[in-house]
Amino acid sequence: MTPITLTPQETPTTPTKPATKPHVVAAVAEVTQKIKQDLRMGREHQQGRINWITSIAMGAFHVGAILAFLPIFWSFKNVGAFFVMYFFAINIGIGVAYHRLLTHRGYKVPKWIEYFVTACGCLALEGGPIFWVATHRVHHQYSDHEGDPHTPHDGTWWAHAGWILSGRALHSETALLGRYAPDLTRDRVHVWLSKYHYLPLVFTGLVQVALGASLAAPGHRVIGAVGMLLWGTFLRVTVGLHATWLVNSATHLWGKRRFETKDDSRNTWWVALLTGGEGWHNNHHAHPVSARHGLAWYEFDINYYFIWLLSKVGLAEKIQIAQYDKADPKPAGV
Ligand SMILES: [Zn+2]
Ligand SMILES: [Zn+2]
């Protein structure tokens, strides 16, 4: 299997006679400028700017996550809301949809399924599909080199959350991001979901408020509503964010390497446990198109099992699965 080509292959060339070919000089300057723009996603080009709206939102969700642990909000119903919402947002939304389907196109599903699982991805509060996919494609292009939006080479905290709080990747440069996700920018539903990515979270939050209130005993309805919202949304979003961020930080730092990839990616079992299989990150960097990340029998991969289930009921096809020589494992294309 060969890795997909993720971005336009534009390489600046030096004209031999620039004075006689001004259009070549202009073209070279434009391409060089584009490449410099891409590289500015790396930390050294951030200029310490803080994304205030994102930082305040992240802070608020962390406060809500801590409040969820107040004894007054404890109930099995709220814990159930946490796990159900976590599965839809992180497993189906981020792993199955944003990552393995939209970014790498490791399998195909009918459009209505694609839109539904993408809406689930919006529940994770990790931005809309175009932003997420474009940023992740840039990560694969420059992994652990200059231009990687979140490499631990720029610091462990930077790779984990710093790039979200002060990184340029979030400065919604639609045109630049769109170059990395032209397949999505051509799709009106994905454009709409990218613009209004917070709506699924608001909608499910309101459902939790209504459900929490209706399931509570008379006289405890407010506690029931707030408790389910704190567990099903605030705590769940916060844990999900850190689980996803660990793929950017921990799995480029700690764990085993099966494949000698050009980056520092590793297979980290406890991140795989938290994310439903995304922690088999060295496998993934070696075979990015593979819809299956856990390549050994003991490398559990809940997200792949879900895709496999979809195929068994006729809702997924053309599933890409990495093939490699166990005695001499090599990355795709080597
Ligand atoms: Zn990576
Ligand atoms: Zn990937």
*What are the residues in region 296-328 that are in a loop (DSSP other than H, G, I, E, B) and either within 16 Å of ligand 1 (Cβ to nearest atom) or under 15 Å from Val117 (Cα atoms) (or both), if any?*
Leu315, Ala316, Ala322
*Is one or more of the residues making up region 135-157 crowded, with 21+ Cβ neighbours inside 10 Å, away from ligand 2 (no atom under 16 Å from the Cβ) and assigned to a helix (DSSP H, G or I)?*
no
*What are the residues in region 165-178 that are surrounded by fewer than 19 Cβ atoms within 10 Å (Cβ to Cβ) and modelled with pLDDT of 70 or more, if any?*
Leu165, Ala175, Leu176, Gly178
*Within region 78-127, track down each residue that is assigned to a loop (DSSP other than H, G, I, E, B) and not small (Gly, Ala, Ser).*
His104, Arg105, Tyr107, Val109, Pro110, Leu123, Leu125, Glu126
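A quick yes/no check of all residues on (1) within 16 Å of ligand 2 (Cβ to nearest atom); (2) without any contact (Cβ under 8 Å) to a residue 60 or more places away in the chain:
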{"residue": "Pro200", "(1), (2)": "no, no"}
{"residue": "Gln208", "(1), (2)": "no, no"}
{"residue": "Trp231", "(1), (2)": "no, no"}
{"residue": "Thr244", "(1), (2)": "yes, no"}
{"residue": "Phe259", "(1), (2)": "yes, no"}
{"residue": "Gly276", "(1), (2)": "yes, no"}
{"residue": "Trp297", "(1), (2)": "no, yes"}
{"residue": "Tyr305", "(1), (2)": "no, yes"}
_The listed residue being within 16 Å of ligand 1 (Cβ to nearest atom) and assigned to a loop (DSSP other than H, G, I, E, B), out of Thr251, Thr261_ = Thr261
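Here's the yes/no breakdown for (1) over 22 Å from Asn91 (Cα atoms); (2) modelled with pLDDT of 95 or more:
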position: Trp158; (1), (2): yes, no
position: His190; (1), (2): no, yes
position: Gly212; (1), (2): yes, yes
position: Leu215; (1), (2): yes, yes
position: Leu235; (1), (2): no, yes
position: Asn248; (1), (2): no, yes
_Just to check your reading of the model, which residue among Leu230, Leu235, Leu246, Leu241 is crowded, with 20+ Cβ neighbours inside 10 Å, more than 16 Å from ligand 1 (Cβ to nearest atom), closer than 28 Å to Tyr198 by Cβ and under 15 Å from the mean Cα position of the chain (by Cα)?_
Leu241
_Of everything in region 251-266, what is crowded, with 23+ Cβ neighbours inside 10 Å and not hydroxyl-bearing (Ser, Thr, Tyr)? Give them in sequence order._
His252
*asked:* Within region 310-325, does at least one residue satisfy the condition of being buried (at least 21 other Cβ atoms within 10 Å of the Cβ), within 16 Å of ligand 2 (Cβ to nearest atom) and closer than 28 Å to Phe69 by Cβ?
replied: no
*Only one of these conditions is not met by Trp270: (1) in contact with a helix residue (DSSP H, G or I) (Cβ under 9 Å, 6 or more places away or on another chain); (2) more than 11 Å from ligand 1 (Cβ to nearest atom); (3) over 16 Å from Pro331 (Cβ atoms); (4) assigned to a loop (DSSP other than H, G, I, E, B). Which number is it?*
(4)
_Quick check on Leu101: is it within 17 Å of Trp308 (Cβ to Cβ) and either under 17 Å from the mean Cα position of the chain (by Cα) or within 16 Å of ligand 1 (Cβ to nearest atom) (or both)?_
yes
*Name every residue in region 179-227 that is out of contact with any helix residue (DSSP H, G or I) (no Cβ under 6 Å at 6 or more places or on another chain), crowded, with 16+ Cβ neighbours inside 10 Å and hydroxyl-bearing (Ser, Thr, Tyr), in order of residue number.*
Thr204
*Does at least one position in region 52-62 carry a residue that is touching a helix residue (DSSP H, G or I) at 6+ places or on another chain (Cβ under 8 Å), assigned to a loop (DSSP other than H, G, I, E, B) and in contact (Cβ under 8 Å) with a residue 40 or more places away in the chain?*
no
*asked:* Can you tell me which condition Thr275 does not meet? The list is (1) within 15 Å of ligand 1 (Cβ to nearest atom); (2) surrounded by fewer than 19 Cβ atoms within 10 Å (Cβ to Cβ); (3) closer than 30 Å to Gly212 by Cβ; (4) not aliphatic (A, V, I, L, M), and all the others hold.
replied: (2)
*Which residues, counting only those in region 102-127, are charged (D, E, K, R) and surrounded by 23 or more Cβ atoms within 10 Å (Cβ to Cβ)?*
Glu126
*Output the residues belonging to region 109-148 that are under 12 Å from the mean Cα position of the chain (by Cα), within 16 Å of ligand 1 (Cβ to nearest atom) and among the small types (Gly, Ala, Ser).*
Ala134
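The values are calculated or read from the model by the stated rules, or taken from the named source; none is laboratory data. Nothing here was measured: the structure is a model prediction, and the numbers come from that model. Cβ atoms come from the backbone with ideal geometry, glycine included; neighbour counts cover every protein chain shown.
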